[in-house]
Amino acid sequence: MAAEIAGKRVLIMGLGRFGGGIGVTKWLCGQRANVVVTDVASEKDLAKSLDALKGLDITYHLGGHDEADLDDCDLLIVNPGVDKRTSAFFQAAVRRDIAWTSEMNLFLERCPGMIVGITGTVGKSTTTAMLGAILQSGMAVEGWRHGNVWLGGNIGKSLLEDLQEMRSEDVVVLELSSFQLEDAEQIRKSPHISLVTNLRDNHLDRHGTLEAYAAAKGNIYRYQTDEDWLVMPVDGGVAPLPSGWADRPLLCRFGIDEQSRKVRLEAPGACSPKGCPALSEGGGRTEQQGQQPVTEEIAVSLSVPGLHNVLNAAAALAISRILGVADDVATDALSRFSGLPHRLEFVRELEGVRYYNDSKATTPEAAMTSLKAFDGGIVVLVGGSDKGSSFAELGRALADRARAVICMGDTQEKILREVLLSSGAADRPVVKTATNSQEGVDLARELAEPGDVVLLSPGCASFDWFRNYEERGETFKILVRAIS
């Protein structure tokens, strides 16, 4: 591995303000590559990322891309945030026939362990974290058939630097975004177990069409073999994906019974209900192919709110069964799962009003899902930067479920218009606009009544007012906790 990279001039395109390129940069330095980092952002904007790389032998060309950096370039590493269709610098590299790849492709090519890949429009981070909690509990139980468990990818951790510690018996759980998956076609590799939580309109500003977005997501299973597992929603909660997924011999489906709130799993013979031995006992897969699916319902108890989190738990439970974790171990771990920051995160209760931070809801679909998590009065703070999504359905959901709607950010007028179009004069929620987060929180407090929920669930990206959704959520929490 070291000989493959050592001494090569490797150009990293896009360090990123939020540290996305730190892991691959450190790893390349460890492989004794001659590393050059280029980014359109300035040294000041990248200060936090640069601080994390102090002491390493790196050449920086910041504040813009210069095609001269492509001279003598042996390998170009493209940050997933780069839109390769519109990047003149990337297109110049293609014209020069320079080899290029991504951090995730570097990892997928070299990972020795069993890879579990999780993608979807909403729910992929929470499902990844739920599965991680289950597998950590499974490791502590006698009879665990695998090695260590690693979590990484889009959930926030690069695993490249951990490669030297990984073994073939380990389980590697990766949250994979469409940006990361679109490059997987280059190496023609998909995870051994792949999950698609759902698929709705998202990132159309990057992918152009729903079909192109779906094609990128479809790379998570496109290069699987008949011995690999695909996990999909029972209710077909996905937009059109590349053909062939429904014909997979090792296809597991997950869903929920909304009345009983039980998890529903459907899988080939021996993989339900007592777990699948095939992945760890060297064989048995071919015997399961062609068997009729077995359907079973399992009771789960969660501390995180919302039916959508029961569905996330169903997806995690489906994978844990494939990996041989007993149901009682998995459901116990799920009952203790407290959720992730910025995903229906409880902030405080004040004067009978509960405040929740759901800043990670960066799509209309995610915001609509969060609205369903609560009964009673809801005061919703919504809006942000525009990714090209339609707000018609979100407008109808807000008109149906919200007591009051506070529209913010670049999309505020679009959302306001859809809410007003979707409600009659008699049943119309109160609709306000805010010019900043402080004004939004002040309006929410004024409009909320005892027993209500104040919910930050923007349904949009954050790049109009904030660097990322984390900063947006942290700002909301600070403002809410400052209320006296």
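Please compute the contact order of the stretch 298-385 in relative form: average sequence separation of alpha-carbon pairs under 8 Å and at least six residues apart, divided by the residue count, as a percent.
Values: 71 pairs, mean separation 26.0, N = 88.
Here the relative contact order equals 30 percent.
Here the calculated FRET efficiency for Arg417 and Asp375, from their Cβ-Cβ distance with R0 = 30 Å, stands at 0.65, rounded to the nearest 0.05. Most tightly packed first, judged by the mean number of other beta-carbon atoms within 10 Å of their residues, the peptides 74-87, 108-121 read 108-121, 74-87.
Taken as Cα centroids, the stretch 322-354 and the stretch 375-415 sit 26 Å apart, rounded to the nearest whole angstrom.
A simple spin-label model places the labels of Asn148 and Lys8 2.5 nm from each other, with each point 7 Å out along Cα-to-Cβ.
Would you mind estimating how fast the stretch 105-335 diffuses translationally, via Stokes-Einstein at 25 °C and 0.890 mPa s with the Kirkwood radius over Cα pairs, in µm²/s? So the translational diffusion coefficient is about 140 µm²/s. Model label sites at Glu258 and Asp442, defined 7 Å from Cα along the beta-carbon direction, differ in position by 4.0 nm.
If I take every Cα pair under 8 Å that is 6 or more residues apart in the chain, average their sequence separation and divide by the length, what percent do I get for the relative contact order? Don't skip to the answer; put the middle values down first.
Numbers: 1021 pairs, mean separation 52.8, N = 484.
Averaging sequence separation for qualifying contacts and normalising by length gives 11 percent for the chain.
Calculated FRET efficiency, Phe346 to Ile483, Cβ-Cβ distance, R0 = 25 Å: about 0.95 to the nearest 0.05. Listed by chain and number, the aspartates and glutamates placed with their C-alpha closer than 15 angstrom to that of Lys414 are Asp386, Glu393, Asp464; residues fewer than eight positions away on the same chain are left out.
An ellipsoid equivalent to the chain, defined through the eigenvalues of its Cα gyration tensor, has semi-axes of 36, 32, 20 Å when rounded to whole angstrom and sorted largest first. Each peptide among 133-139, 295-301, 316-322 gets the average number of other Cβ atoms lying within 10 Å of its residues, and from highest to lowest they stand as 316-322, 133-139, 295-301. Pairs over the 19 Å Cα-Cα cut-off, from the set Lys48/Lys124; Lys124/Lys217; Lys48/Lys157; Lys157/Lys372; Lys217/Lys387; Lys48/Lys84: Lys48/Lys124; Lys157/Lys372; Lys48/Lys84.
Does the stretch 16-83 come out rounded, prolate or oblate, given a ≥ b ≥ c as the square roots of the eigenvalues of its C-alpha gyration tensor, rounded meaning a/c under 1.5 and, failing that, prolate meaning a/b above b/c?
Details: a/c = 1.43, a/b = 1.06, b/c = 1.36.
Rounded, since a/c falls under 1.5.
Across the stretch 1-118, the convex hull enclosing all Cα atoms gives 116 Å³ per residue.
For a Förster distance of 60 Å, can you work out the FRET efficiency between the beta-carbons of Lys157 and Asp427, rounded to the nearest 0.05? List each step's numbers first, then the result.
Working: r = 46 Å, r/R0 = 0.77.
Efficiency, from the Cβ-Cβ distance: 0.85.
Spin-label model, Arg32 to Ala92: label points 7 Å out along the Cα-to-beta-carbon direction sit 3.1 nm apart.
Just subtract the alpha-carbon distance of Thr435 and Asp235 from 0.36 nm times their residue separation and send over the number in nm, one decimal.
Details: separation 200, 0.36 × 200 = 72.00 nm, distance 4.01 nm.
Computed gain between Thr435 and Asp235 is 68.0 nm.
In terms of the mean number of neighbouring beta-carbon atoms within 10 Å, the peptides 373-386, 251-264 order highest first as 373-386, 251-264.
Read the figures in this text as sums done on the coordinates, not as results from a lab. The model shown is predicted, which means the values in this text are computed figures rather than measured ones. For neighbour counting, all protein chains shown are included, and Cβ atoms are generated from backbone atoms with ideal geometry for every residue, glycine included.
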